[in-house]
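The values are calculated or read from the model by the stated rules, or taken from the named source; none is laboratory data. Quantities reported herein were computed from a predicted structural model and do not represent experimental measurements. Quick reminder, even Gly has a Cβ in these numbers, built from the backbone with ideal geometry, and neighbours come from all protein chains shown. Just so you know, the surface numbers come from the protein's heavy atoms only, side chains and all, with ligands and any DNA or RNA stripped out. Shrake-Rupley method; radii C 1.70, N 1.55, O 1.52, S 1.80 Å.
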Amino acid sequence: MGTWHDYLKSNGTPPEWPYPIKFGEETELEADVCILGGGIAGCWAAISAARNGAKVILMEKADVRRSGAGGPGCDHWCNVPGNPCSRVDPDTWAIEEMKAGGDFSNGIGIQIQCREDWDTLQEMELMGGKIRDDKDEFLGVEGRDDKTKLMFSPRYSAGAGLGLPKGYGEPDFNPPEKRNNMVIRIWGSTFKPALKKECKRLGVNVLDRVMATSLLNENGKQGSRIVGATGINTRTGEFVIVKAKAVIISAGGSGNPWFMDMEHGGYSSMYSRNNSSDGTAMAWRAGAKLTMMEASSPYRIATGLKHKWYTGGGDASYENIPMVDSNGKILPYATQGWQDGGAMFSDGPKMRAGIQSGEYELPFYADFAGIDPKESNATWNLMLNEESTTKIMVKTMTEGGFDYKRDQIMNYNMMEFGGSQQYREPGRGGLMVDWDLKTNLDGLYAAGTATFQPGDHSYAAATGRYAGRKAAAYAKSIDAGKVCRDQIDKEKERVLAPTKRDGGIEWKELHNGLSRVMQYYVSEFKSERTLDLALEEIDRIEKYAVPRLYALDPHKLMRSLEDLSLIEQAKIMIQAMKERKLSNPKLSLTRVDYPENNEEEMKYYLALSQVDGKTVFERIPTRYWGNMKENYEAHNPDYTGVYRDEK
């Protein structure tokens, strides 16, 4: 396969769109449970709902086989205290993890993860996912349990959280006989294909290349029960209508309205452009409650303006690899290894001072060759080879001659763009949920990064599995609701509007305009004036730019609709920032017109929703979920553990 330039030289013109165009045509489907987003959470939700007797539709704008942040792979299965080698019981660990997550963590999601994570992983193994060193490729590696052949990670081995744990540096710190054994190294690249295969085996109607665009309220009234969803085929442009008794949003959470120029300035390589706030925007329009939308922070990693996150050590998959300077001096970087309890963060100011004084000389290196080859082999050929964004790095560097037994990898810390307050990321806001992972709207559930303050890959899997069975139970208890044709027609008109123009502005220009507004007015220092200016500028974009947005094919239509979701998200975030009249580092919120913290206000989540098209705010106490163990058990009296197909 040649380059795009080669194609144009050979053929003279760009290729025609290879699929039949069906703008305006409709497909109507029915299900008990409809799932929006086919990543890790969505696949698990579909499988769980189907196993509980529901007729399921799974809608995904890419191909379910590799879609989502965890589609290419994963190296860690975190917070799995139910495993046979764990030294902490699930309920105790859930409390520790919640505390480590801070005042605004999601105790419901964490409790579900800790109680059901091991069951979920065992089911993954039964479906064909690889979770053990069953071929004895990593004999002798520290953390390998020879009886179960599970490979334990140093992460959380001495305590919850990613900072240096209590007791670090003391004699006999983190000995093997006291380690928590809370995180398992896995072969995550095997997971997503197995999940799609199981979906198909169970009869799930998998709608690949269909982007969800809206939720349908009963009788078309905002805030009423959810009775279905709409979507657009990203290859043909056909409009899809799904009537369902229950809907689960498992699409990626908040996209990033601060970033722009995907080819050069660099979008986040931590999440793809597909993670574009679609679920957040459609839930908002339907009347669902969101929270934590006021939070944002400078983007630390993977901006594209700096070298790839996982290049050169000092990152999450480089466990046990020491960092050295140009003279081979070991640096005070956390190795994320057994010696520092898996800690991920290092002392940046100390490193900077050491460079300035001449104590440490740039560039720095990940010293693969400086440790036991068995350990570097595990890091290179298991961790980095299974993490979703680094498999290609391992392949490319190995083909280029890299030998983990002999070589080092240059680290780019302290040598390039270090991030700025203008390049930010949303603070993991999302849908508020109860102990059934149900939102405030009947019939609407959330899982994975659609929930507020979500966790990682295993959180997505466990909460997806949980939401699937809860939604299936709800669907059994209720009759189908009535969709509103007028609501469908208005959504269809909105979705197809860019296809009815043959000129104007394209999606990249619109995204760039929004990004500039966010960088100028919604960066480090915020005030009522700057936030109002941001809303004024976004209003101009909606009045003068959006009506000129055009898309000549279904793929560009998808990107255009993503832009509209990002605009909606930006407005939600700014409204929440205006409502929080305080400054507090826990929210990474600095209001120069309200420089003081408000301790009373910080006792509450700020929830916001739309009622009759107007934004309504509500304060909900942190820890609103009550006793985590008791409430989990009260809502799951019939939970049976690992599903085993009797057929």
(message) Could you check the range 354-369 and list, in sequence order, the residues that are under 16 Å from residue 412 (Cβ atoms) and part of a loop (DSSP other than H, G, I, E, B)?
(response) 360, 361, 362, 363, 367
(request) Filter the range 233-248 down to the residues that are among the charged types (D, E, K, R) and closer than 12 Å to residue 35 by Cα, then identify the one that is least open to solvent (accessible area, probe 1.4 Å). (result) 245
(request) Please indicate, with yes or no, whether at least one residue in the range 375-383 is open to solvent by less than 30 Å² (accessible area, probe 1.4 Å), modelled with pLDDT under 90 and closer than 22 Å to residue 184 by Cα. (result) no
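Look at residue 612 and say whether it is open to solvent by 80 Å² or more (accessible area, probe 1.4 Å) and either in contact with a strand residue (DSSP E or B) (Cβ under 6 Å, 6 or more places away or on another chain) or at positive phi (or both).
It is true that residue 612 is open to solvent by 80 Å² or more (accessible area, probe 1.4 Å) and either in contact with a strand residue (DSSP E or B) (Cβ under 6 Å, 6 or more places away or on another chain) or at positive phi (or both).
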(request) Can you work out which of the residues in the range 215-232 that are among the polar types (S, T, N, Q) and surrounded by fewer than 23 Cβ atoms within 10 Å (Cβ to Cβ) is nearest to residue 614 (Cα to Cα)? (result) 222
(request) Considering only the range 568-608, state which residues are among the polar types (S, T, N, Q) and open to solvent by 10 Å² or more (accessible area, probe 1.4 Å). (result) 575, 583, 584, 588, 590, 597, 598
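Hey, among the residues in the range 145-167 that are among the hydrophobic types (A, V, I, L, M, F, W, C) and farther than 16 Å from residue 82 by Cα, which one's modelled with the highest pLDDT?
Checked the range 145-167; the qualifying residue modelled with the highest pLDDT is 158.
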(request) State all residues of the range 509-538 that are surrounded by fewer than 18 Cβ atoms within 10 Å (Cβ to Cβ) and closer than 14 Å to residue 564 by Cβ; if no residue qualifies, say none. (result) 509
(request) Would you please list the contacts, defined by Cβ atoms under 7 Å and residues six or more apart or on different chains, that run from a residue in the range 518-531 that is farther than 15 Å from residue 420 by Cβ and among the aliphatic types (A, V, I, L, M) to a residue that is assigned to a helix (DSSP H, G or I) and open to solvent by 10 Å² or more (accessible area, probe 1.4 Å)? (result) 531/521; 531/578
(request) Would you mention how many residues in the range 89-112 are surrounded by fewer than 20 Cβ atoms within 10 Å (Cβ to Cβ) and free of Cβ contacts under 8 Å to residues at least 40 places away in the same chain? (result) 2
(request) Considering every residue within the range 116-137, establish whether at least one is in contact with a Pro (Cβ under 7 Å, 6 or more places away or on another chain) and either open to solvent by less than 40 Å² (accessible area, probe 1.4 Å) or basic (Lys, Arg) (or both). (result) no
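Residue 44: within 29 Å of residue 393 (Cα to Cα), open to solvent by less than 80 Å² (accessible area, probe 1.4 Å) and touching a His at 6+ places or on another chain (Cβ under 8 Å), yes or no?
No.
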(message) Looking at the structure I just gave you, is residue 190 outside any loop (DSSP other than H, G, I, E, B) and open to solvent by 20 Å² or more (accessible area, probe 1.4 Å)?
(response) yes
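Each row is one residue, and each column tells you yes or no for (1) in contact (Cβ under 8 Å) with a residue 60 or more places away in the chain; (2) not in a strand (DSSP E or B).
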position: 7; (1), (2): no, yes
position: 22; (1), (2): yes, yes
position: 33; (1), (2): yes, no
position: 48; (1), (2): yes, yes
position: 57; (1), (2): yes, no
position: 69; (1), (2): yes, yes
(request) Would you list the strands (runs of 3 or more DSSP E) that sit entirely within the range 408-506 and hold 3 or more residues that are free of Cβ contacts under 8 Å to residues at least 24 places away in the same chain, open to solvent by less than 40 Å² (accessible area, probe 1.4 Å) and not acidic (Asp, Glu)? (result) none
